[in-house]
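Participant: Structure below; questions to follow.
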Amino acid sequence: MEKIVYYISIIEEELKKILTQKEPKELYLPIKYSLELGGKRIRPALLMLSNNLFGGKDSDAINAALAIEVFHNFTLLHDDIMDDAPLRRGYDTVYKKWGSNIAILSGDVMFVHSIQLLAKSDPNKLTEILPLFNTTAVEVCEGQQYDMNFETLQNVSIDDYLKMIELKTAVLLAASLKIGAIIGDTSLENANHIYEFGRNLGVAFQLMDDILDLYGDPEKFGKQVGGDIIANKKTYLLLKAQELAKGDLKKELEFSLSSTALKNDAKVEKVKDLFNQLNIRKLAEDEMNLFYNSAISHLDSIDAPKEKKQVFENFAKSLMNREN
């Protein structure tokens, strides 16, 4: 993990250089604010790490890494508006602080800026990485739309859900790794394997998030236990329970989800009990492990020094063993 921490520190320092104050300040101050809120910086760090895996120079990959981080934060700016979220990383969201109109416009500038940063990459590599970046940007928007659609759709399948989290969460992680590989001048086969490593790991990560929401330690997870259940959010756990529940169990589950008489704590405990009867946690963990094992299989298939690949495996293990 030391190598990832090293690249995260580089990203933090380089972000400071691009956060110069511009006019009109009402447009640029929210951008500076959003990027200074922090975040894990995992995607750009993995882009740098992927480039390093294949012998690339850090200086060749830094602008693409910054582009990924600016783009990611742009999506958060707009997502917060759509989700009516008051807080981001413990602070007021941009739209709460400056209003929706400014948040939309500042987000638009961030998207353009991400393209400008990417365009600073080697022109010979740009013909490969720009189409990948653009395709991924569209897929992330598709994933967000599917997520919003699911709020009102009654019949959402598990396959639908897995596709949504792939688009909304996994493809940006995967694209970050592949862009780093392309800049590192590796083979198409290696680039595709590291993309699939990231895509499968991203889906596994989100499934772990679903599990932790209900079964995680609230003091370590940092969120309200059962928040997804309270919101009737269509997660893998709920969709699997709806698929398996029959007879009285199905009636109890439907009642628990629709009843206005149940208080939040009682609702969470009731649904959790039904999940336990249906063995939902194990089924979700089994599904998560399928994606995780597929990710590791693709990592093993990459033609690169084993000791360098070990950093990626250690990172993957840390994601799957997390408690927050």
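Read the figures in this text as sums done on the coordinates, not as results from a lab. Being a predicted model, the structure only gives us computed values, none of them experimental. Quick reminder, even Gly has a Cβ in these numbers, built from the backbone with ideal geometry, and neighbours come from all protein chains shown.
Participant: With r as the distance between the Cβ atoms of residue 151 and residue 277 and R0 = 45 Å, compute the FRET efficiency 1/(1 + (r/R0)^6) and round to 0.05. Don't skip to the answer; put the middle values down first.
Facilitator: Details: r = 27 Å, r/R0 = 0.59.
Efficiency at R0 = 45 Å is approximately 0.95.
Participant: Hey, with R₀ at 25 Å, roughly what FRET efficiency would residue 185 and residue 297 work out to, going by the Cβ-Cβ distance, to 0.05?
Facilitator: Numbers: r = 24 Å, r/R0 = 0.97.
For R0 = 25 Å, the calculated efficiency reads 0.55.
Participant: Skipping prolines and chain starts, which residues have an amide H placed within reach, meaning under 5 Å, of the one on residue 88, given they are 5 or more residues away or on another chain?
Facilitator: So residue 88 has HN proximity to 93.
Participant: Treat the count of other C-beta atoms within 10 Å as a stand-in for reagent exposure and order 178, 163, 267 from fewest to most. Write out the running numbers ahead of the final one.
Facilitator: On the way: 178 29, 163 15, 267 18.
Going from least to most buried by this count: 163, 267, 178.
Participant: Show that you can apply the helix-only estimate: for the chain, add -39,500 (n - 2.57) for every DSSP H stretch of four or more residues, divide by all residues, and state [θ] at 222 nm to the nearest 500.
Facilitator: Helix contribution divided over all residues of the chain: -25000 deg cm²/dmol.
Participant: In region 1-25, whose amide N lies under 20 Å from the spot 7 Å out along Cα-to-Cβ of residue 313? List them in ranges.
Facilitator: In region 1-25, the label zone of residue 313 (backbone N under 20 Å from the point 7 Å along Cα→Cβ) covers 1-5.
Participant: Hey, another quick one. With the Cα gyration tensor of region 152-233 in hand, convert its eigenvalues to equivalent ellipsoid semi-axes via √(5λ) and list them largest first in whole Å. Can you show the working numbers first?
Facilitator: Numbers: eigenvalues 193, 53, 14 Å².
Three semi-axes, in Å: 31, 16, 8.
Participant: A further question on this structure: Within region 290-320, what residues put their amide N at less than 14 Å from the label point 7 Å along the Cα-to-Cβ vector of residue 2?
Facilitator: 308, 311
Participant: Could you give me the ³J(HN,Hα) list for region 143-152, computed from phi with Karplus coefficients 6.51, -1.76, 1.60 and θ = phi - 60°, whole Hz, x at Gly and Pro?
Facilitator: x, 5, 5, 4, 4, 5, 4, 5, 5, 10
Participant: Arrange 81, 182 by Cβ neighbour counts within 10 Å, fewest through most, would you? Before the final figure, lay out the partial values.
Facilitator: Values: 81 18, 182 28.
In order of increasing Cβ crowding within 10 Å: 81, 182.
Participant: For region 11-50 and region 144-177, what is the separation of their C-alpha centers, rounded to whole Å?
Facilitator: Rounded to whole Å, the Cα centres lie 26 Å apart.
Participant: Give me D for region 36-183 in µm² s⁻¹, whole number, from Stokes-Einstein with Rh from the Kirkwood sum over alpha-carbon pairs, 10 °C and 1.306 mPa s.
Facilitator: 98
Participant: Rounded to the nearest 20 debye, what is the charge dipole size of the chain about its Cα centre when +1 sits on each Lys and Arg Cβ and -1 on each Asp and Glu Cβ? Mind dumping the intermediate values first?
Facilitator: Working: 39 positive and 49 negative charges, 95 e Å.
That gives a dipole near 460 debye.
Participant: Quote the FRET efficiency, to the nearest 0.05, computed for residue 233 versus residue 101 with a Förster distance R0 of 22 Å and r equal to the Cβ-Cβ distance.
Facilitator: On the way: r = 28 Å, r/R0 = 1.29.
My answer for the efficiency is 0.20.
Participant: Just need log10 I(q)/I(0) for the chain at q = 0.10, 0.11 Å⁻¹, Debye formula, equal scatterers on the alpha-carbon atoms, no solvent, rounded to two decimals.
Facilitator: -0.62, -0.75
Participant: Okay, next question. Between region 63-99 and region 272-324, what is the C-alpha centre distance in whole Å?
Facilitator: Each part's Cα centre sits 28 Å from the other's.
Participant: Quick check: net charge around residue 45, other residues with Cβ under 11 Å of its Cβ, Lys/Arg +1 and Asp/Glu -1?
Facilitator: Numbers: positive: 3, 40, 41, 43; negative: 12, 69.
Residues close to residue 45 contribute a combined charge of +2.
Participant: Please give the length that would be gained between residue 254 and residue 286 if that part of the chain were fully extended, namely 0.36 nm times their separation in residues minus their C-alpha to C-alpha distance (nm, one decimal). List each step's numbers first, then the result.
Facilitator: Numbers: separation 32, 0.36 × 32 = 11.52 nm, distance 2.49 nm.
Extending this stretch completely gives an extra 9.0 nm.
Participant: Subtract the Cα-Cα distance of residue 16 and residue 122 from 0.36 nm times their separation in residues, and report this length gain in nm to one decimal. Could the numbers behind the result be given before it?
Facilitator: Working: separation 106, 0.36 × 106 = 38.16 nm, distance 2.27 nm.
Stretched out fully, the residue 16 to residue 122 stretch lengthens by 35.9 nm.
Participant: Let me ask another. Between residue 57 and residue 9, how many nm apart are label points set 7 Å from Cα along the C-beta direction?
Facilitator: In this crude spin-label approximation the distance works out to 2.3 nm.
Participant: Only counting other Cβ atoms within 10 Å, I'd like 292, 33 sorted with the fewest neighbours first.
Facilitator: Details: 292 22, 33 17.
Fewest to most other Cβ atoms nearby, the residues stand as 33, 292.
Participant: Okay, which of region 290-324 sit inside 19 Å, backbone N to the point 7 Å along the Cα-Cβ direction of residue 158?
Facilitator: 290-295
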